[in-house]
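First up is the structure itself, then whatever we jot down about it.
The values are calculated or read from the model by the stated rules, or taken from the named source; none is laboratory data. Keep in mind it's a predicted model, so treat the numbers as computed, not measured. Because the Cβ atoms are built from the backbone with ideal geometry, glycine has one as well, and the counts that use them run over all protein chains shown. Surface areas here come from the heavy atoms of the whole protein model, side chains and all, with no ligands, DNA or RNA. Shrake-Rupley method; radii C 1.70, N 1.55, O 1.52, S 1.80 Å.
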Amino acid sequence: MTLLVDTHSHTVASTHAYSTVQEYAVQAKLKGMQMFSLTEHGPTMPDSPHPWHFGNRHVLPRLVDGVAILRAIEANIMPVDGGHDIPNGLHPFLDFAIASFHEPVFAPASKAQNTKAMIATIETGDIQIIGHPGNPNFPIDIAEVVRAAKDNNVVLEVNNSSFKGSRSGSAPNCKKVLEVTDQLDWKIVFASDAHVAYDVGNDALSMACANEVGFPMHRIVNRDAHSFTAFLAQHNKPVAVELKDWLKTL
(Lines give C-alpha, C1' and ligand atoms only; values in the text may rest on other atoms or scores of the structure.)
Protein backbone atom coordinates (compact mmCIF):
# COMPACT_ATOMS: atom_id res chain seq x y z
CA MET A 1 0.00 0.00 0.00
CA THR A 2 1.20 3.51 -0.82
CA LEU A 3 -0.15 6.34 1.30
CA LEU A 4 -1.57 9.27 -0.64
CA VAL A 5 -1.28 11.86 2.13
CA ASP A 6 1.90 12.98 3.90
CA THR A 7 1.20 14.70 7.23
CA HIS A 8 4.72 15.88 8.12
CA SER A 9 7.25 17.85 6.07
CA HIS A 10 9.57 20.84 6.43
CA THR A 11 10.45 23.50 3.87
CA VAL A 12 13.22 26.10 3.81
CA ALA A 13 11.12 28.07 6.30
CA SER A 14 12.82 25.75 8.80
CA THR A 15 16.47 26.40 8.02
CA HIS A 16 17.61 22.80 8.52
CA ALA A 17 15.43 21.79 5.54
CA TYR A 18 16.22 22.28 1.88
CA SER A 19 13.16 22.60 -0.39
CA THR A 20 10.46 25.13 -1.24
CA VAL A 21 6.69 24.65 -1.27
CA GLN A 22 6.74 24.52 -5.06
CA GLU A 23 9.41 21.82 -5.07
CA TYR A 24 7.29 19.75 -2.70
CA ALA A 25 4.24 20.21 -4.93
CA VAL A 26 6.18 19.04 -7.97
CA GLN A 27 7.47 15.91 -6.25
CA ALA A 28 4.07 15.11 -4.73
CA LYS A 29 2.49 15.28 -8.18
CA LEU A 30 5.20 13.09 -9.71
CA LYS A 31 4.58 10.48 -7.00
CA GLY A 32 0.82 10.44 -7.53
CA MET A 33 0.03 11.85 -4.10
CA GLN A 34 -3.25 13.55 -3.26
CA MET A 35 -2.12 15.79 -0.40
CA PHE A 36 0.88 16.87 1.64
CA SER A 37 1.23 19.00 4.76
CA LEU A 38 3.53 21.88 5.67
CA THR A 39 4.52 21.43 9.31
CA GLU A 40 7.26 23.86 10.29
CA HIS A 41 8.47 23.83 13.88
CA GLY A 42 6.83 25.80 16.64
CA PRO A 43 8.46 28.99 17.92
CA THR A 44 10.59 27.57 20.72
CA MET A 45 12.75 25.59 18.28
CA PRO A 46 15.89 27.55 17.36
CA ASP A 47 15.25 27.66 13.61
CA SER A 48 11.48 27.96 13.59
CA PRO A 49 9.84 30.60 11.39
CA HIS A 50 8.24 33.72 12.83
CA PRO A 51 4.60 33.18 13.88
CA TRP A 52 3.58 35.44 11.01
CA HIS A 53 4.72 32.65 8.69
CA PHE A 54 1.87 30.46 9.92
CA GLY A 55 -0.70 33.24 9.90
CA ASN A 56 0.11 34.26 6.33
CA ARG A 57 -0.16 30.86 4.67
CA HIS A 58 -3.58 31.78 3.28
CA VAL A 59 -1.56 33.24 0.38
CA LEU A 60 -0.69 29.67 -0.64
CA PRO A 61 -3.07 27.98 -3.06
CA ARG A 62 -5.00 25.05 -1.65
CA LEU A 63 -4.36 23.08 -4.82
CA VAL A 64 -1.27 23.01 -7.03
CA ASP A 65 -1.63 20.89 -10.16
CA GLY A 66 -4.32 18.82 -8.48
CA VAL A 67 -2.40 18.21 -5.23
CA ALA A 68 -3.81 19.70 -2.02
CA ILE A 69 -1.60 21.52 0.48
CA LEU A 70 -2.42 21.46 4.19
CA ARG A 71 -1.24 24.20 6.55
CA ALA A 72 -0.11 22.81 9.87
CA ILE A 73 2.59 23.04 12.55
CA GLU A 74 4.91 20.74 14.42
CA ALA A 75 4.60 22.23 17.88
CA ASN A 76 6.93 21.42 20.74
CA ILE A 77 5.91 19.56 23.88
CA MET A 78 6.95 21.94 26.61
CA PRO A 79 8.87 21.29 29.82
CA VAL A 80 8.22 20.20 32.47
CA ASP A 81 4.54 19.36 32.63
CA GLY A 82 3.65 19.32 28.93
CA GLY A 83 1.49 21.56 26.83
CA HIS A 84 2.62 23.13 23.56
CA ASP A 85 4.07 26.32 22.13
CA ILE A 86 1.40 27.24 19.57
CA PRO A 87 0.93 31.00 20.02
CA ASN A 88 -2.44 32.30 21.14
CA GLY A 89 -4.57 33.26 18.18
CA LEU A 90 -2.79 30.99 15.71
CA HIS A 91 -5.16 28.01 15.87
CA PRO A 92 -7.66 29.35 13.29
CA PHE A 93 -4.83 29.44 10.73
CA LEU A 94 -3.92 25.77 11.21
CA ASP A 95 -5.53 22.77 9.56
CA PHE A 96 -4.07 20.57 12.29
CA ALA A 97 -1.23 20.41 14.78
CA ILE A 98 1.48 17.87 15.56
CA ALA A 99 3.25 17.99 18.92
CA SER A 100 6.65 16.37 19.44
CA PHE A 101 9.52 16.13 21.88
CA HIS A 102 12.64 17.96 20.68
CA GLU A 103 15.85 17.97 22.68
CA PRO A 104 16.58 21.73 22.29
CA VAL A 105 13.23 22.47 23.93
CA PHE A 106 12.56 19.58 26.33
CA ALA A 107 15.56 17.92 27.95
CA PRO A 108 15.00 14.14 28.01
CA ALA A 109 13.55 13.12 31.35
CA SER A 110 12.33 9.96 33.05
CA LYS A 111 9.78 7.65 31.49
CA ALA A 112 7.18 8.82 34.00
CA GLN A 113 7.89 12.51 33.36
CA ASN A 114 7.89 12.10 29.59
CA THR A 115 4.63 10.17 29.70
CA LYS A 116 2.99 12.76 31.92
CA ALA A 117 4.06 15.62 29.65
CA MET A 118 2.91 13.87 26.48
CA ILE A 119 -0.49 12.99 27.93
CA ALA A 120 -0.95 16.54 29.24
CA THR A 121 -0.26 17.81 25.73
CA ILE A 122 -2.77 15.39 24.24
CA GLU A 123 -5.36 16.55 26.77
CA THR A 124 -5.09 20.22 25.76
CA GLY A 125 -7.47 19.48 22.90
CA ASP A 126 -5.29 21.53 20.54
CA ILE A 127 -3.24 18.67 19.08
CA GLN A 128 -4.33 16.06 16.55
CA ILE A 129 -1.06 14.11 16.10
CA ILE A 130 1.83 13.18 18.38
CA GLY A 131 5.03 13.27 16.35
CA HIS A 132 7.74 10.57 16.41
CA PRO A 133 6.77 9.05 19.79
CA GLY A 134 9.26 6.24 19.22
CA ASN A 135 12.25 8.47 19.96
CA PRO A 136 14.38 6.41 22.42
CA ASN A 137 15.70 9.60 24.02
CA PHE A 138 12.19 10.14 25.39
CA PRO A 139 10.95 6.81 26.77
CA ILE A 140 7.20 6.73 27.39
CA ASP A 141 4.60 4.31 28.65
CA ILE A 142 3.24 3.55 25.20
CA ALA A 143 0.04 1.90 26.40
CA GLU A 144 -0.85 4.83 28.65
CA VAL A 145 -0.17 7.32 25.85
CA VAL A 146 -2.24 5.35 23.33
CA ARG A 147 -5.13 5.16 25.80
CA ALA A 148 -4.99 8.93 26.33
CA ALA A 149 -4.76 9.49 22.59
CA LYS A 150 -7.79 7.32 21.95
CA ASP A 151 -9.77 9.12 24.66
CA ASN A 152 -9.01 12.44 22.97
CA ASN A 153 -9.20 11.35 19.30
CA VAL A 154 -5.49 12.03 18.82
CA VAL A 155 -3.29 9.73 16.74
CA LEU A 156 0.35 8.77 17.18
CA GLU A 157 2.75 9.02 14.26
CA VAL A 158 5.04 6.38 12.84
CA ASN A 159 7.80 8.53 11.40
CA ASN A 160 9.68 7.13 8.42
CA SER A 161 12.67 9.34 9.14
CA SER A 162 13.06 7.69 12.52
CA PHE A 163 14.05 4.46 10.78
CA LYS A 164 16.79 6.23 8.83
CA GLY A 165 18.91 7.68 11.64
CA SER A 166 17.16 10.90 12.61
CA ARG A 167 16.37 9.35 15.98
CA SER A 168 18.69 6.37 16.06
CA GLY A 169 17.27 3.36 17.86
CA SER A 170 13.61 4.24 17.22
CA ALA A 171 12.68 1.12 15.26
CA PRO A 172 11.82 -1.17 18.21
CA ASN A 173 9.70 1.56 19.80
CA CYS A 174 7.90 2.29 16.53
CA LYS A 175 7.11 -1.40 16.25
CA LYS A 176 5.75 -1.36 19.80
CA VAL A 177 3.62 1.71 19.02
CA LEU A 178 2.04 -0.19 16.13
CA GLU A 179 1.45 -3.33 18.19
CA VAL A 180 -0.08 -1.49 21.15
CA THR A 181 -2.21 0.74 18.94
CA ASP A 182 -3.67 -2.33 17.26
CA GLN A 183 -4.21 -4.11 20.59
CA LEU A 184 -6.06 -1.08 21.97
CA ASP A 185 -8.21 -0.74 18.85
CA TRP A 186 -6.92 2.69 17.84
CA LYS A 187 -5.50 4.52 14.82
CA ILE A 188 -2.23 5.96 13.61
CA VAL A 189 -0.60 8.13 10.93
CA PHE A 190 2.45 7.38 8.84
CA ALA A 191 4.60 10.37 7.87
CA SER A 192 7.83 11.02 6.01
CA ASP A 193 9.09 13.93 8.14
CA ALA A 194 10.68 15.05 4.88
CA HIS A 195 13.33 17.75 5.02
CA VAL A 196 13.84 17.72 1.26
CA ALA A 197 11.14 17.44 -1.40
CA TYR A 198 12.51 14.20 -2.84
CA ASP A 199 11.46 12.48 0.42
CA VAL A 200 7.82 13.60 0.47
CA GLY A 201 5.47 10.66 0.78
CA ASN A 202 8.25 8.24 1.66
CA ASP A 203 6.69 5.64 3.94
CA ALA A 204 8.64 2.55 2.82
CA LEU A 205 10.29 1.76 6.15
CA SER A 206 7.17 2.51 8.19
CA MET A 207 5.15 0.29 5.89
CA ALA A 208 7.69 -2.51 6.16
CA CYS A 209 7.41 -2.34 9.95
CA ALA A 210 3.61 -2.37 9.74
CA ASN A 211 3.69 -5.40 7.47
CA GLU A 212 6.05 -7.16 9.88
CA VAL A 213 3.60 -6.85 12.76
CA GLY A 214 0.46 -7.29 10.64
CA PHE A 215 -0.86 -3.80 11.37
CA PRO A 216 -4.28 -3.30 9.70
CA MET A 217 -4.18 -0.69 6.96
CA HIS A 218 -7.66 0.58 7.80
CA ARG A 219 -6.23 1.96 11.05
CA ILE A 220 -4.01 4.44 9.14
CA VAL A 221 -5.98 7.69 9.04
CA ASN A 222 -3.91 9.30 6.28
CA ARG A 223 -4.15 6.48 3.77
CA ASP A 224 -5.92 8.92 1.42
CA ALA A 225 -7.36 12.43 1.35
CA HIS A 226 -10.88 11.28 2.19
CA SER A 227 -9.81 9.43 5.32
CA PHE A 228 -7.56 12.21 6.59
CA THR A 229 -9.96 15.09 5.99
CA ALA A 230 -12.68 13.02 7.68
CA PHE A 231 -10.41 12.74 10.71
CA LEU A 232 -9.83 16.52 10.68
CA ALA A 233 -13.58 17.11 10.40
CA GLN A 234 -13.99 15.20 13.67
CA HIS A 235 -11.86 17.98 15.19
CA ASN A 236 -14.08 20.65 13.63
CA LYS A 237 -11.38 21.67 11.17
CA PRO A 238 -13.00 23.46 8.20
CA VAL A 239 -10.53 22.22 5.59
CA ALA A 240 -12.73 19.22 4.78
CA VAL A 241 -15.54 21.58 3.79
CA GLU A 242 -13.14 23.88 1.96
CA LEU A 243 -11.91 20.98 -0.17
CA LYS A 244 -15.26 19.20 -0.61
CA ASP A 245 -15.57 19.84 -4.34
CA TRP A 246 -12.02 18.64 -4.96
CA LEU A 247 -12.58 15.56 -2.83
CA LYS A 248 -15.52 14.60 -5.06
CA THR A 249 -13.14 14.38 -8.01
CA LEU A 250 -10.88 11.76 -6.40
Q: Run the numbers on region 155-204 and let me know its relative contact order in percent, using alpha-carbon pairs under 8 Å that are six or more apart.
A: 44
Q. Given +1 on the Cβ of Lys and Arg, -1 on the Cβ of Asp and Glu, and no further charges, what dipole in debye does region 18-124 carry about its Cα centre, rounded to the nearest 20?
A. 260
Q: Whenever you get a sec, compute what percent of the accessible area on region 170-250 sits on carbon and sulfur atoms (1.4 Å probe).
A: 53
Q.
Quick check for me: using +1 on Lys/Arg Cβ and -1 on Asp/Glu Cβ, what's the dipole size of the chain about its Cα centre, in debye to the nearest 20?
A. 340
Q. For the charge dipole of region 205-250, defined by +1 on Lys and Arg C-beta atoms and -1 on Asp and Glu C-beta atoms about the Cα centroid, which residue among Val241, Asn211, Ala225 has the Cα displaced farthest towards the positive pole?
A. Val241
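Can you give the FRET efficiency for His50 and Ser110, using 1/(1 + (r/R0)^6), R0 = 30 Å, r = Cβ-Cβ distance, to the nearest 0.05? List each step's numbers first, then the result.
Values: r = 34 Å, r/R0 = 1.13.
The calculated FRET efficiency here is 0.30.
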**Q.** Calculated [θ] (222 nm, deg cm²/dmol) that DSSP helices of n ≥ 4 give over the chain, each run adding -39,500 (n - 2.57)
**A.** -9000 deg cm²/dmol
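Before I look further, what does the chain give for accessible area per residue, probe 1.4 Å, in whole square angstrom?
Values: 10090 Å² over 250 residues.
Roughly 40 Å² per residue, with all protein chains present.
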Q: Between Thr2 and Lys244, with labels modelled 7 Å along Cα→Cβ, what's the label distance in nm to one decimal, could you check?
A: 3.1
Q. Distance from the Cα centre of region 67-103 to that of region 38-66, in angstrom?
A. 11
Q | Extension reserve of the Ala233-His58 stretch, reckoned as 0.36 nm per residue once the Cα distance is removed | A | 61.1 nm
Q. GNM on the chain, C-alpha springs below 10 Å: top fluctuator among Pro108, Pro49, Pro92?
A. Pro92
Q. So how much accessible area does Asp203 have, in Å² to the nearest 10, using a 1.4 Å probe?
A. 20
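Say R0 is 25 Å: what FRET efficiency, to the nearest 0.05, do His16 and Ala171 get from their beta-carbon distance?
Details: r = 23 Å, r/R0 = 0.90.
Efficiency, from the Cβ-Cβ distance: 0.65.
With all protein chains present, how much of the accessible area of region 50-161 (probe radius 1.4 Å) comes from carbon and sulfur, to the nearest whole percent? Mind showing how you got there, number by number?
Details: 2290 of 4190 Å².
Carbon and sulfur together cover 55 percent of it.
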